[in-house]
Amino acid sequence: MRSPVDLWVYLSTSPLIWLTLTLCTWIGASEVSRRLDRNPLVNPVLTSILLLSLVMTVFDIPYQQFFEGAQFVHFLLGPATVAIAVPLFRQWAQVKRLLLPIAAALFVGSFAAVSSVVVLGTLLGLSEDVVVSFLPKSATAGVAMAISASLGGSPSLTAVLVILTGIVGALIVTPFMNLMRVRDYAARGFAAGLTSHGIGTARAYEVDETAGLFAAIAMALNAVATSAVVPLAAAWIGR
Amino acid sequence: MLRGLAALLFFQLLGESLVFVTGLPVPGPVVGLVLLFLSLLALQGSLRETIPAVEAAASALLGNLGLFFVPAGVGVVALWGVVQDEGGAIAAVLVVSAVFTLAVTVWTFVAVRRLLGSKDTAA
């Protein structure tokens, strides 16, 4: 007979336990989020990251060891990003009908999302590494992390900033739009999806069907637009 | 489903290859997204069997999109020092930038739609 300690030493170095733990944590966090009516404060991505981080810290597991298992999940970010083409294709008729407002709002919005980080970040004295990782924060996480990595930023920091941006946007969008007296739900949804990607889109679907559709369109288009705008902003700050 | 997953991976491979060869400063999967979108538009009349397979694989992946960025997010533990030191400034940039982006995006959309004279809010 081997002791439980031996078992732990054996398991903690194999990818299997970290892959299983990542999936189970995600399923649990999704279930909690579903039961609380998808309240942005219990966003399953954030809850999962916090719980797994806690486990890593408490048991003193190096990130590299965790990632050996979790990399199989991480790999699917690429095909999932490509998959955004499908909803865009399905909704193409809607996009064509409002092509000009969409194109204008996409252009202005994607520049606003990126340039506001450069200006505010510089004013508040953020380090250059943080600013670079911050720039793509309104794009969906897979794209944002890839952009960040290609410019020498930190994809991990980007992932967390993307999720926090999603949560902040999802929390403020409805009261903010009501305050601004915007009643055009296509416009409201588009702004939510452009600013806060999937988390904003999920929020928009809860408020209004049209808003949700335009949020999904904005998320797909801004993934592409952010990929083009961020390298320009990075060149601007000399990166 | 399997055929759909293969198609998604194939377009990612195309995208990554194009980025590698041309040196475009855009992530490979985004180029794959654009290529797949263009292919779907061009081929929607013909590929009657493959398109539903791609749609099935896409909705399976997009339905759990959040899961895929958990592993990288956990890596932020290693960056705790940075986040702690600059936490206040990071929070300020996060909130102000989100409000600013929401505002200019919605105003641009509404203004251009009004200019074009389309009044309906239902899409």
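The values are calculated or read from the model by the stated rules, or taken from the named source; none is laboratory data. This one's a predicted model, so the numbers in the text were calculated from it and none came from an experiment. We place every Cβ from the backbone using ideal geometry, glycine too, and count neighbours over all the protein chains shown. Areas reflect the complete protein model, heavy atoms only, side chains present, ligands, DNA and RNA absent. Shrake-Rupley method; radii C 1.70, N 1.55, O 1.52, S 1.80 Å.
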Taking the residues in segment A:130-146 that are touching a residue at least 40 places away in the same chain (Cβ under 8 Å), surrounded by 24 or more Cβ atoms within 10 Å (Cβ to Cβ) and more than 7 Å from every other protein chain (Cβ to nearest Cβ) as candidates, determine which candidate is nearest to A:ILE237 (Cα to Cα).
A:VAL132
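May I ask you to say which residue of A:THR25, A:THR57 is more than 18 Å from A:ALA202 (Cα to Cα) and touching a residue at least 12 places away in the same chain (Cβ under 8 Å)? Spell out the reasoning first.
Working: A:THR57 fails: touching a residue at least 12 places away in the same chain (Cβ under 8 Å).
The unique qualifying residue is A:THR25.
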Does A:ALA170 count as more than 8 Å from chain B (Cβ to nearest Cβ), in contact with a Lys or Arg (Cβ under 6 Å, 6 or more places away or on another chain), buried (at least 23 other Cβ atoms within 10 Å of the Cβ) and among the hydrophobic types (A, V, I, L, M, F, W, C)?
yes
Hey, among A:ALA149, A:ALA112, which residue is assigned to a helix (DSSP H, G or I), facing chain B (nearest Cβ under 7 Å) and without any contact (Cβ under 8 Å) to a residue 24 or more places away in the chain?
A:ALA112
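If you go through segment B:93-104 one residue at a time, do you hit one that is among the hydroxyl-bearing types (Ser, Thr, Tyr), at pLDDT 95 or above and under 30 Å from A:VAL173 (Cβ atoms)?
So in segment B:93-104, the residues among the hydroxyl-bearing types (Ser, Thr, Tyr) come out as B:97, B:101.
Next cut, at pLDDT 95 or above only: B:97, B:101.
Right, trim to under 30 Å from A:VAL173 (Cβ atoms) and you get B:97, B:101.
The answer is yes; a qualifying residue exists.
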Run down B:GLY63, B:GLY15 and say which single residue is without any contact (Cβ under 8 Å) to a residue 24 or more places away in the chain, under 21 Å from the mean Cα position of the chain (by Cα) and crowded, with 23+ Cβ neighbours inside 10 Å.
B:GLY15
Subset of segment A:32-65 (residues that are of a type outside the set (S, T, N, Q), open to solvent by 40 Å² or more (accessible area, probe 1.4 Å) and outside any helix (DSSP H, G or I)):
A:LEU36, A:ASP37, A:ARG38, A:PHE59, A:ASP60, A:PRO62
Hits in segment B:1-34 - residues which are among the small types (Gly, Ala, Ser) and at pLDDT below 90
B:GLY23, B:GLY28
All-but-one check, A:GLU68 against (1) touching a Phe, Trp or Tyr at 6+ places or on another chain (Cβ under 7 Å); (2) open to solvent by less than 20 Å² (accessible area, probe 1.4 Å), failing number (2)
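Suppose we keep only residues that are β-branched (Val, Ile, Thr) and open to solvent by 70 Å² or more (accessible area, probe 1.4 Å) within segment A:104-129. Which one would you say is nearest to A:ALA223 (Cα to Cα)? Show your work before the answer.
Filtering segment A:104-129 for residues β-branched (Val, Ile, Thr) gives A:108, A:114, A:117-119, A:122.
Filter again for open to solvent by 70 Å² or more (accessible area, probe 1.4 Å), leaving A:119, A:122.
Working: A:VAL119: 22, A:THR122: 24 Å.
Within segment A:104-129, the match that is nearest to A:ALA223 (Cα to Cα) is A:VAL119.
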Does segment A:174-184 include one or more residues that are buried (at least 24 other Cβ atoms within 10 Å of the Cβ), of a type outside the set (S, T, N, Q) and in a helix (DSSP H, G or I)?
no
Please give the number of the condition A:VAL95 fails out of (1) more than 9 Å from chain B (Cβ to nearest Cβ); (2) among the hydrophobic types (A, V, I, L, M, F, W, C); (3) more than 30 Å from B:GLY15 (Cα to Cα).
(3)
Test: residue in segment A:14-26 that is modelled with pLDDT of 90 or more, hydrophobic (A, V, I, L, M, F, W, C), buried (at least 20 other Cβ atoms within 10 Å of the Cβ) and over 18 Å from the mean Cα position of the chain (by Cα)
yes
